[in-house]
Amino acid sequence: MSLRALDVTGGYERGRPVLENVSLEIPAGHLIGLTGPSGTGKSTLARILASLDAPWSGEVQIDGSRVAGTKFGVPAEFRGAVSMLFQSPRAATDPRQTLARIIGQPADIARRDIDIEALASEVGLTPDLLARRPHQVSDGQLQRAALARSLAQQPRYLICDEATAMLDAATTATIVRLIERRATDHGIGVLLISHDRDLLDACCTRVHALDDIRAG
């Protein structure tokens, strides 16, 4: 059981790939780290693994099955299997929605009931914050809500793309501990992308440098 990129090549401008022949595996229940200089394709790989963008060549597999399509074009059995937590929670959330609506969005789409207050509590948000909108909370509080939203999706795999880069050390530690616990207790496979090699070494089963996996 794993999320895999197999010989993936991709980018945003034809003829100028950002990634070439990259392979990476995220086993269920494990935290895998990915690091590398800015602009080398870490976020591109994350988006391809999350089926937000399609690879030019190569493929993505979930638990041994090839995933075709992107976004809502992904086959029903794979929709929601991979969730992504972005670096900037303000860019990734609707400023008009309350934190409760943000957290509950995946369940609304799936027409599934969830306990929003319990999820909020798990990520360290108090009930009084749920009625607030993004401009009324800190970056750390909003990123906690974004993480709760990712967990509300009930994913098999979670991709964190520099998700702690804008946060203070205490909030980073809280979020990483929660992600570690989810991986251990629920068998979620996690890809942590970060420039902070010390952070990755401290919590990940294995850490890859993008240049190394590009080279095979």
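For a label point 7 angstrom out from the Cα of Arg112 toward its Cβ, which stretches of segment 157-198 have the backbone nitrogen within less than 13 Å?
Zone members listed by number: 157.
Rounded to the nearest Å, what's the spacing between the alpha carbon centres of segment 76-90 and segment 182-210? Just the number, please.
Here the answer is 17 Å between Cα centres.
Using the beta-carbon distance between Arg132 and Ala173 and R0 = 25 Å, what value does 1/(1 + (r/R0)^6) give for FRET efficiency, to the nearest 0.05?
Working: r = 24 Å, r/R0 = 0.94.
Calculated transfer efficiency: 0.60.
Measure out, as a whole number of angstrom, how far apart the alpha-carbon centroids of segment 108-168 and segment 20-35 sit.
24 Å
So, in nm, how far is label Ser57 from label Gln105 when the simple model puts each one 7 Å beyond its Cα toward the Cβ?
Inter-label distance under the simple model: 3.6 nm.
Before I look further, what does the chain give for accessible area per residue, probe 1.4 Å, in whole square angstrom?
Spelled out: the 1.4 Å probe surface of the chain, per residue, equals 48 Å².
Which of rounded, prolate or oblate describes segment 68-116 when judged by the alpha-carbon gyration tensor and an a/c cut-off of 1.5?
Details: a/c = 2.41, a/b = 1.34, b/c = 1.79.
Oblate shape, in that a/c is at least 1.5 and b/c is the bigger or equal ratio.
So how do 188-194, 120-126 stack up, highest first, on mean other-Cβ count within 10 Å? Kindly include the intermediate steps, with their values, before the conclusion.
On the way: 188-194: 25.4, 120-126: 17.0.
So the peptides 188-194, 120-126, ranked by packing, come out 188-194, 120-126.
Restricting to Cα pairs below 8 Å that are 6+ residues apart, what does the relative contact order work out to for the chain? Please round to a whole percent.
Values: 422 pairs, mean separation 67.6, N = 216.
Value for the chain: 31 percent.
The values are calculated or read from the model by the stated rules, or taken from the named source; none is laboratory data. Remember, it's a predicted structure, so these values are computed and weren't measured experimentally. Here the Cβ is made from the backbone with ideal geometry for all residues, glycine too, and neighbour counts use every protein chain on show. Side chains are part of the model used for accessible areas, which takes the heavy atoms of the whole protein and leaves out ligands, DNA and RNA. Shrake-Rupley method; radii C 1.70, N 1.55, O 1.52, S 1.80 Å.
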